[in-house]
1. Toward the positive end of the charge dipole of segment 14-212, about the Cα centre and with charges on Cβ (Lys, Arg +1; Asp, Glu -1), which of 82, 193, 170 goes farthest?
2. What is the extension gain from residue 260 to residue 279, computed as 0.36 nm multiplied by their sequence separation minus the C-alpha to C-alpha distance, in nm to one decimal?
3. Given charges of +1 on the Cβ of Lys and Arg and -1 on the Cβ of Asp and Glu, with all other atoms neutral, how large is the dipole of the chain about its Cα centre, in debye to the nearest 20?
4. Considering only C-alpha atoms, what is the centroid distance from segment 58-74 to segment 80-105, in Å?
5. Starting with the highest mean, order 201-212, 277-288 by the number of other Cβ atoms within 10 Å, averaged over the residues of each peptide.
6. In whole angstrom, note down how far apart the Cα centers of segment 305-355 and segment 210-277 are.
7. Taking θ = phi - 60°, what integer Hz values does the Karplus form 6.51 cos²θ - 1.76 cosθ + 1.60 yield along segment 192-201, in sequence order, with x for Gly and Pro?
8. For segment 76-84, take each phi angle, set θ = phi - 60°, evaluate the Karplus expression 6.51 cos²θ - 1.76 cosθ + 1.60, and give the result in whole Hz per residue in order, putting x for glycine and proline.
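A short reminder: the numbers here are calculations on the coordinates, not readings from a lab. Since the model is a prediction, treat every value here as computed from it, not as a measurement. Note that we place each Cβ from the backbone using ideal geometry, even for glycine, and neighbour counts take in every protein chain shown.
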Amino acid sequence: MHLDAQLDAAPRVSAVGRALPKNYLDQESLIAALRGLWAKRHFNVERLEDLHRAVQVSGRHLALPLEGYAGLDTFARCNDAWIDAARELGEAALRDGLARAGLSPVDVDHLFFVTVTGIATPSIDARLANRLRMKPSLKRTPIFGLGCVAGAAGTARATDYLRAYPGEVAVVLSVELCSLTLQREDLSVPNIVASGLFGDGAAAVVLEGGARGAARAPRGPRVLATRSVFYPDTERVMGWDVVDSGFKVVLSARVPEIVREHVGGDVDGFLGEHGLARRDIRHWIAHTGGPKVLQAFEGALELPEDALARSWRSLRDVGNLSSASVLFVLGDLLDGADARAGDLGLMIAMGPGFCSEIVLLAW
């Protein structure tokens, strides 16, 4: 089907709500707070500090005040703190997104909830349905384990749903509280890098089915098409090892290499199926995986200078928010005046599996 024939029927991104915890520390203050802990167990504290600075994050928002982390000495305590903070931050992001879209909680037909930093049953989406008095017919899909790719993947799965139910509203809510997964006794390079890179935040993407367009003024881009790509035998590239103290990060140095090897071909093949090429894409919305990952995206896709400026800025300002990161970048784009009618955009993220998700947008 040609793109112009798909446009009117395609689901639309109406708004992106965002929320950050009120507790903020600049990177040097965080390094100072961790220095004493590192010095007890590592002979080269300067090397660990250099790893933190290399991620190019200026500061991060934290789920708790710094002194609140001292008592989180078990998985249970960390997860209880996650549940409390996830409810508060998730509600704030959800209300923000719905307000921006001109909708209320009772308008939501399907709530997708994505996270990789905590667990709860009933899931956070159920707890928010009670807090926001959402309608009893609300459908809920909690998704755990997709990690950094889940913001883009959740958006793709929500649009799949809206193609079947074009008169409905779906919301993808991402809540990631990475600071509550910190393994203080783990001084491995992956854990040190993760402790310097990842921050806390929540985002809510509000999407409306294509049949709702006639009744409401156009708001954001249409989701024309999506593509999932799974890379076989890459399970140890990224993820968690679940240990007695909680989630221990698995983070391979191969991530940028995989980006360079695959992303260019993946994007070209996807766009080619729709009669498009990279030169047709005006807006690039990339997950803020870290400096080496963003550089790999730029190289693999041969992007023009500043094409990923929003991703670089988000990385610097708040760190990598896991699944919420790419949604923060999308929200930043929607807030600005850069996108015009007729523009195309491409959202891309990668995560545990190892895999990528690509979303084609049209204004």
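1. So the residue we want is 170.
2. Between residue 260 and residue 279, full extension yields 5.0 nm more.
3. 720
4. So the separation of the two Cα centres works out to 21 Å.
5. Listed from highest to lowest mean packing, they are 201-212, 277-288.
6. Cα centroid to Cα centroid, the span is 12 Å.
7. Using θ = phi - 60°, the values come out as 5, 4, 4, 5, x, 9, 8, x, 10, x Hz.
8. Whole-Hz 3J(HN,Hα) from phi for segment 76-84: 4, 5, 4, 6, 4, 5, 4, 4, 4.
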